[in-house]
Amino acid sequence: MEALGLLLHGFAVLLTWKTLVLMMVGLVLGIFVGVLPGLGGPNGVAILLPLTFTMDPTSAIVMLSCIYWGALFGGAITSILFNIPGEAWSVATTFDGYPMAQQGRAAEALTAAFTSSFIGSLVAVLLITFLAPMISSFALKFGPPEFFAVYLLTFCSFVGLGREAKHKTVISMSLGLLLAGVGMDTVSGQLRMTFGSAELLRGINFLVAVIGLFGISEILLTMEERLALRGHAASISLRVVLGVWRDLPKYWVTLLRSSFIGCWLGITPGGAIAASFMGYNLAKRFAKDPESFGKGRIEGVFAPETAAHASGTSALLPMLALGIPGSGTAAILLGGLMVWGLNPGPLLFVEHKDFVWGLIASMYLGNVVGLVLVLTTVPIFASILRVPFAAVAPMIVVSCAIGAYAIQNAMFDIWLMLGFGVVGYVFKKIGIPLAPFTLALVLGSRAEDAFRLSMIGSGGDLKVFWSNGLVGSITTLAIALLFWPLIDGLLARVGWTQRARPAPR
Amino acid sequence: MSQTDLEIVVDDPTAPEDDSPAVVSSGTIEIVVCLLLLALAVTLGYDNWHTGASWDSTGPEPGYFPFYLSVILAGGSLYGLVAALITHREAASTFVTRAQARRVMAVFVPTLLFCLVTQFLGLYVASFLLIAGFMRLVGRIALWKSLLTAFLFTAIMFVTFDVAFDVIMPKGPLEAAFGY
């Protein structure tokens with residue numbers, strides 16, 4: 001029970017006025033970002049990151065992670081009241097949430113959404129509290145080959161398990177890894193892919209790319225759509241909240257199932273989006289009366305929201321324990337760690353106890369405070385949508401530019417951001433996924449270092465990746481995942497696995 | 001129960017029409033993107049080959065890792081190119097309609113100008129011009145509201161970043177006149 005003691009220590013780190021105020025500011029900004037169209041979790045965190053450069057790492061991560069929780073909460077507001085998912089992972093929440101609002105049960109639906117978000121992240125945080133220290137102490141024994149094998153596993157699982165066309169994932173990932181290599185080579189000190197440009201000497205900053213890819217491109221995409229909206233306004237009374245909470249125990253199976261799905265998909269790079277849909281579909285399949293889903297059933301709100309939050313939170317587990325982010329937003333937080341001078345990886349738990357346990361404690365506290373905050377302030381946030389997009393869009397552009405410039409004080413980075421904005425817009429429209437790109441860009445140099453160190457250690461023999469049981473099984477698993485679609489197809493042909501047929505409707 | 005009778009209604013006066021003709025199909029863009037990526041992969045691959053993509057006594061040379069990545073990138077984009085060429089004939093899904101393109105340009109061009117102005121006049125002047133101009137010209141919002149919003153937002157940004165958090169932004173002649 002060492003974890004409990006350390007957690008209490010984390011709370012002690014956290015309970016200062018300054019941190020609590022930062023936490024509130026983070027949550028409010030996060031909900032704001034989650035509600036606004038054209039901004040989401042990753043964009044919000046990326047744009048607001050420069051604000052934290054002058055803070056100490058613990059305050060900074062507390063504020064940033066609170067922005068993230070806030071964004072997760074905020075997405076539900078627009079899905080339920082306006083039938084507009086503020087985030088992709090709240091699409092499934094609209095299926096039953098919006099019908100509930102139409103029936104005049106908006107307050108009930110919102111309470112259900114916020115409460116289940118809370119439960120989902122609580123389960124995930126519990127998992128992090130007890131599992132992350134174990135994984136990281138195990139990973140302390142890792143050498144370069146093991147680390148490279150784990151990176152390989154991450155990349156391969158994106159290709160093998162992703163829903164996008166395989167070659168598009170490969171393109172996105174190799175492009176990210178390549179761009180991560182631009183600039184000075186850390187091992188030999190030689191310049192690579194700079195083509196004589198002094199600006200490229202610094203390399204392509206990960207955060208600049210992210211601000212362009214997610215911030216600017218999202219503005220361009222949002223403008224393509226009709227931005228008129230019409231929705232319900234709601235305020236939540238204590239009576240409704242208590243009513244929903246009284247009924248909670250009835251839905252424990254749904255809540256538990258969704259939490260489990262969410263945690264699983266959050267740790268593996270499946271993501272909150274897949275988790276929310278899977279949570280919804282499974283709740284529907286196991287219900288006695290599946291046809292009542294989609295007509296305003298409260299379980300239809302519980303299931304996807306719990307899963308989305310469990311997944312969004314547990315995505316931080318591999319980031320903390322191994323230095324490998326489980327989602328786009330986690331990747332940005334990882335980029336932040338590096339800016340603050342922390343070296344992500346298993347050593348974090350040893351060298352920066354205050355930081356890690358402060359962060360974990362802030363997950364508990366941030367969720368409690370967030371729940372109270374959203375329940376009491378929904379009407380204010382819903383009315384943010386009255387602000388015309390023509391006013392919001394240029395402000396977001398300016399914030400993006402400030403963020404991009406602040407990272408290295410370079411005008412070139414503002415142009416780079418604009419370039420990445422266009423790339424992000426085009427990639428999104430032709431279905432090249434951005435998450436593998438982000439992940440590759442942030443992990444690229446670490447993966448390369450691990451590879452080169454293992455090669456130097458073994459004298460250039462690739463067998464080093466099968467030199468012991470641990471590294472061998474990770475590498476083999478990675479390669480199996482890379483070719484998973486092929487293997488799955490072969491197994492099905494031989495008749496080893498039964499392919500689920502779509503049920504007749 | 002709760003008061004859900006209050007409706008929030010927001011209109012979009014310059015929304016793109018739904019029946020606008022397509023400018024270009026997704027397939028065409030996919031072909032163009034794959035060609036560009038292929039060119040990039042060849043350029044980077046060549047550069048890395050030059051840097052040294054083989055082994056020496058100390059292990060892999062600096063160009064080794066990125067060289068093979070450019071090979072993978074080239075392979076992926078070649079595959080994408082062929083796939084897009086094959087499916088191009090049948091499926092013609094729209095990449096962007098004319099009305100959508102106009103709207104996207106309505107954001108992109110001001111953003112481009114904003115970056116240019118930032119380079120010469122500093123970020124805060126550019127920010128004021130972008131917000132006021134965009135609200136007035138694209139959003140058709142009253143002039144005084146646009147100017148006021150732009151001024152307030154820019155001022156808040158200045159106080160937050162340059163004064164409170166010491167994050168220094170690029171500045172031009174106007175800020176210099178005030179002694180910053």
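The values are calculated or read from the model by the stated rules, or taken from the named source; none is laboratory data. Fair warning: this is a prediction, and the values are worked out from it, not measured in the lab. Virtual Cβ from ideal backbone geometry, glycine too; neighbours counted across all protein chains shown.
Observations on the structure shown:
- Identity of the residue in region B:113-125, more than 7 Å from every other protein chain (Cβ to nearest Cβ) and either assigned to a helix (DSSP H, G or I) or within 12 Å of the chain's Cα centre (by Cα) (or both), that ends up surrounded by the most Cβ atoms within 10 Å (Cβ to Cβ): B:124
- One residue stands out among those in region B:84-105 that are in a helix (DSSP H, G or I) and either at the interface with chain A (Cβ under 7 Å from one of its Cβ atoms) or β-branched (Val, Ile, Thr) (or both): the one that is farthest from residue B:38 (Cα to Cα), which is B:103.
- Taking region A:382-486 and the helices (runs of 4 or more DSSP H) fully enclosed by it, the elements with 3 or more residues that are surrounded by fewer than 22 Cβ atoms within 10 Å (Cβ to Cβ) and without any contact (Cβ under 8 Å) to a residue 24 or more places away in the chain are at A:411-429, A:469-482.
- Filtered residue count, region B:140-179, keeping only those that are of a type in the set (Phe, Trp, Tyr), assigned to a helix (DSSP H, G or I) and either closer than 15 Å to residue B:126 by Cα or more than 11 Å from every other protein chain (Cβ to nearest Cβ) (or both): 4
- Which listed residue is in a helix (DSSP H, G or I) and buried (at least 23 other Cβ atoms within 10 Å of the Cβ), from A:375, A:365, A:333: A:333
- Condition broken by residue B:101, with the remaining ones in (1) under 16 Å from the mean Cα position of the chain (by Cα); (2) surrounded by 22 or more Cβ atoms within 10 Å (Cβ to Cβ) satisfied: (2)
- Residues that are more than 8 Å from chain A (Cβ to nearest Cβ) and surrounded by fewer than 16 Cβ atoms within 10 Å (Cβ to Cβ), drawn from region B:37-60: B:39, B:42, B:43, B:46, B:49, B:50, B:54, B:56, B:57
- Top-ranked residue in region A:157-173 [being within 15 Å of residue A:478 (Cα to Cα) and more than 9 Å from chain B (Cβ to nearest Cβ); ranked as surrounded by the most Cβ atoms within 10 Å (Cβ to Cβ)]: A:158
Residues are listed down the side, and each one gets a yes or a no for (1) more than 10 Å from chain A (Cβ to nearest Cβ); (2) in a helix (DSSP H, G or I); (3) more than 21 Å from residue A:440 (Cβ to Cβ):
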residue	(1), (2), (3)
B:24	yes, no, yes
B:35	yes, yes, yes
B:62	no, no, no
B:68	no, yes, no
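- So residue A:2, is it among the acidic types (Asp, Glu) and buried (at least 24 other Cβ atoms within 10 Å of the Cβ): no
- Applying the condition of being of a type outside the set (Phe, Trp, Tyr) and more than 20 Å from the chain's Cα centre (by Cα) to region A:349-362 and asking which residue is surrounded by the most Cβ atoms within 10 Å (Cβ to Cβ) yields A:352.
- For region A:227-257, the tally of residues that are at pLDDT below 75 and either within 24 Å of residue A:373 (Cα to Cα) or surrounded by 14 or more Cβ atoms within 10 Å (Cβ to Cβ) (or both) stands at 7.
- Check on residue B:53, over 22 Å from residue A:424 (Cα atoms) and of a type in the set (A, V, I, L, M, F, W, C): yes
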